[in-house]
1. Ranking request for peptides 157-164, 62-69: highest mean number of other beta-carbon atoms within 10 Å first, then the rest in descending order.
2. Note the listed values [x] 17.4, 50; [y] 26.6, 79; [z] 16.6, 48, then indicate which one is Rg and Dmax of the Cα atoms in Å calculated from this particular structure.
3. Can you run phi through the Karplus equation (6.51, -1.76, 1.60; θ = phi - 60°) for region 38-46 and list ³J(HN,Hα) in whole Hz, with x for Gly and Pro?
4. Where does each of TRP56, TRP23 land when they are ranked from fewest to most other beta-carbon atoms within 10 angstrom?
5. List every residue whose amide H lies under 5 Å from the amide H of ALA27, counting only residues 5 or more places away in sequence or on a different chain, with H placed 1.01 Å from N in the peptide plane.
6. Tell me the relative contact order for region 3-151 as a rounded percent, counting alpha carbon contacts under 8 Å between residues six or more apart.
7. Could you size up the charge dipole of the chain around its Cα centre, putting +1 on the beta carbon of Lys and Arg and -1 on that of Asp and Glu, and report it in debye to the nearest 20?
8. Taking the number of other C-beta atoms within 10 Å as the exposure measure, put THR89, THR165 in order starting with the fewest.
Amino acid sequence: MDQIKQMFELQQKLNDATNGVIWTEGATKDGRQISWLRCIYMEAVEAIDSFNWKHWKDIEGQPDLDNAKVELVDIWHFIMSEAIHLGDTRFAEAYENMEPEREVNPELMVEILEKIVAVAAGANIDKSQNVLYEITGIFFKALATMSMDVPELYKRYIVKNQLNTFRQDHGYKDGSYVKIWGDAEDNVVAFNIMEEYPDLTPEQLYSKLEEEYKQ
């Protein structure tokens with residue numbers, strides 16, 4: 001299975017449903033301007049906060065690697081969106097068989113994430129630079145440094161993609177959506193479903209979400 005190609009197709013479908021097909025021109029159906037580069041560097045900043053970098057706080061604290069993976073998946077959403085917006089998606093397929101590192105290097109991860117912030121923010125200010133290829137290369141280096149491969153990225157992306165789709169279909173924008181399901185947030189429930197049924201298709205995962213939400 002070409003997992004990277006399928007993720008791009010799912011991202012296109014989600015963005016079309018959320019923002020209208022006009023989003024590829026740089027604005028939502030409501031006329032709001034879109035900056036995918038800003039989305040990328042803001043998520044990278046959040047990922048940095050998953051690591052114990054503050055010299056004045058939590059000196060012995062451990063990095064939140066699971067949250068860092070969540071933030072990486074969010075970054076990937078926005079990298080794909082920028083690629084679709086620019087009309088070039090096939091280049092990312094070159095990373096399909098990337099090899100992950102065996103152990104996570106937290107200090108290196110922070111440096112890589114800072115690089116994503118710097119490149120994306122700089123290009124967002126400059127407006128004349130097309131840095132998508134560079135950011136994508138840095139992203140997959142971050143992925144490898146987190147000991148993640150494309151199959152894991154795919155699995156985590158499917159969960160977040162279908163949850164985002166489910167949220168939009170059930171009143172997320174107008175505020176009627178209920179994010180806490182019982183005693184857990186919806187994203188926890190979604191990942192638990194995928195852990196229990198690792199071979200679910202996107203459509204089957206969506207159906208499972210519907211079953212849980214009704215309860």
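Bear in mind that the values in this text are calculations on the coordinates, not laboratory data. Keep in mind it's a predicted model, so treat the numbers as computed, not measured. All Cβ positions, glycine included, derive from the backbone under ideal geometry; neighbour counts span all protein chains shown.
1. Packing order, densest peptide first, comes out as 157-164, 62-69.
2. Only one listed value fits the structure, namely [x].
3. 5, 4, 4, 6, 5, 5, 5, 4, 4
4. TRP56, TRP23
5. Those lying under 5 Å, H to H, from ALA27 are ILE34.
6. 30 percent
7. Charge dipole, the chain, about its Cα centre: 660 debye, nearest 20.
8. Lowest to highest Cβ neighbour count: THR89, THR165.
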